[in-house]
Amino acid sequence: MLLAVLLGSQAVAWVGAAESVLDSAAEKASEPTAMTKVDFAKDVQPLLAKRCYACHGPDVSESGLSFVDRESALAEADSGEHAIVPGDVDASLLIARITSDDEYEVMPPEGDRMTAGEVAILRQWIADGATWQKHWAFEPLTNPQPPQLVEAAKVAADQAADVHPIDAFIRLDLAESGLNPNPPADRRSLIRRAYYDLVGLPPSQREIDEFVNDSSSDAYVRLIDRLLEMPQYGERWGRHWLDLVRYAETNSFERDNPKPNAWKYRDYVIKSFNEDKPYDEFVREQIAGDELDVVTPETLTATGYYRLGIWDDEPADPLQARYDELDDIVATTGQVFLGLTINCARCHDHKIDPIPQTDYYSMLAFMADVTTYGRRGDETSNNQIDVSSPELIDQYERLDKERREVEAEKQAIEQAGIVKMSAEDQRATEDRKRDRDRVLRKNLKQHLDETQWARYEVLRDELERIDGEQKSLPPRESVLGLASYQSLEPTYVMFRGNPHSPTDEVQPDYPELFNVDPPQLQVVSSSRGSAGRRRALADWMTQDEHRLTSRVMVNRVWQYHFGRGIVRSSNNFGQLGTPPTHPELLDWLANRFVQGGWKLKDLHRLLMTSQAYQMSSSNTPEGLAKDPNNDLYWRFDPRRLSAEEVRDAVLAVNGSLNRAVYGPSFYPKLSAEVLAGQSRPGAGWGDSSEEECNRRSVYIHVKRSLVTPLLEAFDFPEPDRSCEARFMTLQPGQALSMLNSDFIHEQASKLAESLDAVNLANDELARQAIGRVLAREATDDEVASADALIVDLQTNFHVQRKRAVELYCLTIMNWNEFLFLD
């Protein structure tokens, strides 16, 4: 009963939000996206690949029919008929079969039938002549210019004045579809949107009021600049990158042991974003930070990229495990940096994209000197790089050498005495060190002559001196990265991907779809012992004219600002990926990005100053009817806060958030039941102080077998593989976590304590709590509801006032207004 009282309207809010999402999904599934023309690369080719390739694709040509290229698709089938007759829909067997009511003739033969929208696309394409184009992403970057809206006579002259370049692209498509963009968002919504997007934290009521009341023309631009200079910017955007590179701090499998110093790679990423490191440099450091002209501790830390994947310390087939590690690196590199699923060609030619199996192994050959993460019994030699200063390393090595020499002489004297001892004492010295030391302390002196004993005492003093000197030195610093290298051996194509069945040898080379010359590799190794091959790969990937690297990254930045990319499948720009909604805009942004020195902060400013970003998120009947997916950007898509944003916002509004930047990860408090669910129950989870536990969520220790439950409930990604975009679900576990978890109750208590809630009148408590949590003034209805709830809890449920006001604070942190962004 008490739970029902606390849930109240919030239960309806959670259910209402879920129903809204489901209704929207149903609309999206039932209605085709608005379009005025059919584009082969954008509309037709992905449809053929998705619906037809299983039977008429690269590997299978049932009935003599294939849709992999124009020549095959227009050829005569075994039946003597033509599936596609350009310009003649009625004569095209494809249309007859996909619209047939005969269950033995309809295509596809199994699964869902093609939708009316899909059929309409194919009909119009054939009627227009069935043109066939090369896939858009495999073409070089174009150089489009923002449309001249007035000259195109698409919008009125007064609307075209001072149009932002991004809006010029977007408004042209909107005008062609008969849609109008939403009006601007209110300033309160806009500042919350900017804060969460750039730093992942809520603005205070004071910050909101100052922005709302600032009438200067540059108020919004100054807001963006201020947020970009905050250290919290790197924490927010660094976490996006960590999703992509499958960041975790343990190895997975049975023991799920920690990866020492993995957190330093995380800090490298955060610092790179904060310093606005050019993206091309950021890429080169991770791919070949140990092979650059200037190698530094920072660039070596960047090579931790190669050590982030899972690792089996006891594989049944070591060779298979070795190639699985390399496959993880090739897959992540291809998807994250190039938007290509190169890994699909490990066992055979790519089923969809023009990536033969040889391309996969030529890419793997670039990584041929990357050692396995570790070896059973030695999990650090291959991946821990000493980045201490040369002077400090020399001091440690000198003392280590002295220690070895003194220890050797000391042990020789000890052995001279041991051989004179009783058999029982001799056996004891061969057992545990503790027993050996006990025997030596008791009996060694009496079995040595005076000269030996005097020398022995000098040697003990020498060891104490060496220990003292070492303790006075600064500690040596290591980072996770490429600490050793595999000797270069030939790379072979593996028959069906089986490493025990090598076939033809291949050399490092770029995928043939790029149509570029192979790399000119030097035979000599780098000064650190690497092969130098990854440097060639990094240099090629970061060429200004590269057709994918810049496209992929600007698309990701767009995705994190607008909720989804211009290409929704941001890890797959291939033929089974989602075509770009605005291909000219994507290329224009890519060119601007490169011409601006690959600077991400400039890209943020460009995107966020567009009217498309500043639009209201409200629905309109016309927009929902013509473009339910919002592919044309007639409104801004609202969203739920991410897992980290939820936790960090809770800490921020109650005043507990520790904003310290960088440093080792912390371990949040977890229940015994949760700890028992690890790969090794109860093991491998540290005990951090309350101050540490109040740090931002990006600093939480990421253990593969134990994701923090609150983060997991809010769709924290599985860290075993690259996550291009997080799910944004609405499910009961989220509401239960926000109402029942120990964490949220502790934070609600801290909020009440920070407000001195016990001593406030109910109406004043409501005003202060809503002001703190929602950064606005409370309405009269909200004040009345607060009073009613607190009185009800105290009177009818006999809850003490302290607990009643804590529960009221808890409810506010569950309001949709706190958890969702417009």
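Listing for the model above:
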| quantity | calculated |
| --- | --- |
| Fully extended contour minus Cα-Cα distance, from THR779 to ARG460, at 0.36 nm per residue | 107.1 nm |
| With Cα atoms, 0 to 90° folded angle of helix 187-199 axis to the chain main axis | 40 degrees |
| Label-point gap, in nm, between ALA412 and LEU319 - each point 7 angstrom along Cα→Cβ | 4.7 nm |
| The chain, accessible area per residue, ligands and nucleic acids excluded (1.4 Å, Å²) | 45 Å² |
| Principal axis dimensions, the stretch 289-363 - Cα atoms, whole angstrom, descending | 41, 33, 17 |
| Ordering of 565-573, 366-374, 678-686 by burial proxy (mean other Cβ atoms within 10 Å per residue, highest first) | 565-573, 366-374, 678-686 |
| Cα-based reach from LYS802 at 27 Å (exclusive), listing lysines while leaving out same-chain residues under 8 positions away | LYS669, LYS750 |
| Hydrodynamic radius of the stretch 332-476 per Kirkwood, over alpha carbon pairs, in Å | 20.9 Å |
| Stokes-Einstein D for the chain, Kirkwood Rh over Cα pairs, 37 °C, 0.692 mPa s (µm²/s) | 106 µm²/s |
| Proximal charge balance of LEU482 [Cβ under 11 Å; K/R count +1, D/E count -1] | 0 |
| Degrees separating the helix 219-228 axis from the principal Cα axis of the chain, which is the longest one | 30 degrees |
| P(r) tail fraction, the stretch 518-652 - alpha-carbon pairs more than 18 Å apart, % | 66 percent |
| Peptides ranked, highest mean first, by Cβ atoms within 10 Å: ranges 461-469, 125-133 | 125-133, 461-469 |
| 12 Å beta-carbon shell around ILE393, net charge (K/R +1, D/E -1) | -4 |
| Computed helical MRE - 222 nm, the chain, DSSP H runs ≥ 4 contributing -39500 (n - 2.57), nearest 500 | -14500 deg cm²/dmol |
| The stretch 748-782: GluC sites (Glu not before Pro) in DSSP coil with no more than 12 other Cβ atoms inside 10 Å | GLU777 |
| Environment charge at ASP780 (Cβ cut-off 14 Å; Lys +1, Arg +1, Asp -1, Glu -1) | -4 |
| Kirkwood estimate for the stretch 166-290, i.e. one over the average of 1/r between Cα atoms, Å | 17.9 Å |
| Ordering of 170-178, 74-82 by packing [mean C-beta count within 10 Å, highest first] | 170-178, 74-82 |
| Principal axis dimensions, largest first and in whole angstrom, of the stretch 642-697 by Cα | 34, 22, 17 |
| Crossing angle, helix 357-366 versus the chain [Cα axis fit, 0-90 degrees, rounded to tens] | 40 degrees |
| 25 Å tail of the calculated P(r), the stretch 278-415, as % of Cα pairs | 47 percent |
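The values are calculated or read from the model by the stated rules, or taken from the named source; none is laboratory data. Owing to the predicted nature of the structure, the values given are computational and were not obtained by experimental measurement. Methodologically, a virtual Cβ is constructed for each residue, glycine included, from the backbone with ideal geometry; neighbour enumeration extends over all protein chains shown. Each accessible area value is taken on the protein alone, full model and side chains, heavy atoms only, with ligands, DNA and RNA left out. Shrake-Rupley method; radii C 1.70, N 1.55, O 1.52, S 1.80 Å.
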